[in-house]
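So the structure is just underneath, and the comments pick up after that.
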């Protein structure tokens, strides 16, 4: 399979195929050194761009290098990622024509920083975070807003109790 890295309208550089790829074909391995989540945090704290992939075990991160690391995100991907025997492979989820950019849905998680999507797809959800992660963040925001509102109400009630109903101090 002939793959090349070249400029992408989605983000900087992307991976393109020079030959048709059949649905279900194994395209490329997402390879690189394996590190711990703590090491990834230490190495990339504050970095604007990383090529990290977290394995399903939750204990291992691949610090991506090679062609697999250059595949861009799309909310309407033509590839997907799968772990097989502790290796990470990118597979075609539909037939891909020669000249097409290879794309997979990053489904990011575990961060709260912005991760805007620029895929340009009609199915674009505006973020590279997974739907599940976004739902979790919305629930977290609602819980935080509810706690803040409860705190505000308690503060207002406490203030009224101290000053009395007509606004005069209880000591007057």
All positions within segment 24-53 that are in a loop (DSSP other than H, G, I, E, B), touching a helix residue (DSSP H, G or I) at 6+ places or on another chain (Cβ under 6 Å) and surrounded by 14 or more Cβ atoms within 10 Å (Cβ to Cβ): 30, 51
Odd one out for residue 119 among (1) at pLDDT below 90; (2) buried (at least 18 other Cβ atoms within 10 Å of the Cβ); (3) part of a loop (DSSP other than H, G, I, E, B): (1)
Residues of segment 111-150 classified as touching a residue at least 40 places away in the same chain (Cβ under 8 Å), in contact with a helix residue (DSSP H, G or I) (Cβ under 9 Å, 6 or more places away or on another chain) and closer than 23 Å to residue 89 by Cα, total: 0
Which numbered condition residue 80 misses (of (1) touching a helix residue (DSSP H, G or I) at 6+ places or on another chain (Cβ under 7 Å); (2) within 15 Å of residue 108 (Cα to Cα)): (1)
Per-region count, segment 11-23, residues in contact (Cβ under 8 Å) with a residue 60 or more places away in the chain and part of a loop (DSSP other than H, G, I, E, B): 6
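Out of all the residues in segment 61-68, is one or more touching a residue at least 60 places away in the same chain (Cβ under 8 Å) and more than 18 Å from the chain's Cα centre (by Cα)? Even if it seems obvious, please write down each step before you answer.
Within segment 61-68, the subset touching a residue at least 60 places away in the same chain (Cβ under 8 Å) is 67.
After this cut, where a residue has to be more than 18 Å from the chain's Cα centre (by Cα) as well, the list is 67.
Yes, segment 61-68 contains at least one residue that is touching a residue at least 60 places away in the same chain (Cβ under 8 Å) and more than 18 Å from the chain's Cα centre (by Cα).
Would you mention how many residues in segment 54-72 are in contact with a strand residue (DSSP E or B) (Cβ under 7 Å, 6 or more places away or on another chain), buried (at least 18 other Cβ atoms within 10 Å of the Cβ) and closer than 21 Å to residue 4 by Cα? Give the derivation first.
Just the residues of segment 54-72 that are in contact with a strand residue (DSSP E or B) (Cβ under 7 Å, 6 or more places away or on another chain), to begin with: 54-56, 60-68, 70-72.
If we keep only those that are buried (at least 18 other Cβ atoms within 10 Å of the Cβ) as well, we get 61-64, 67-68, 70-72.
Filter again for closer than 21 Å to residue 4 by Cα, leaving 63-64, 67-68, 70-72.
Residues in segment 54-72 being in contact with a strand residue (DSSP E or B) (Cβ under 7 Å, 6 or more places away or on another chain), buried (at least 18 other Cβ atoms within 10 Å of the Cβ) and closer than 21 Å to residue 4 by Cα: 7 in total.
I'd like to know if segment 142-163 contains one or more residues that are closer than 22 Å to residue 55 by Cα and at pLDDT below 80.
no
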Residue, surrounded by the fewest Cβ atoms within 10 Å (Cβ to Cβ), within segment 89-110, restricted to residues that are out of contact with any strand residue (DSSP E or B) (no Cβ under 6 Å at 6 or more places or on another chain) and free of Cβ contacts under 8 Å to residues at least 60 places away in the same chain: 110
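The values are calculated or read from the model by the stated rules, or taken from the named source; none is laboratory data. Since we're looking at a predicted model, the values are computed, not measured. In this analysis, Cβ positions are derived from the backbone assuming ideal geometry, glycine residues included, and neighbour counts consider all displayed protein chains.
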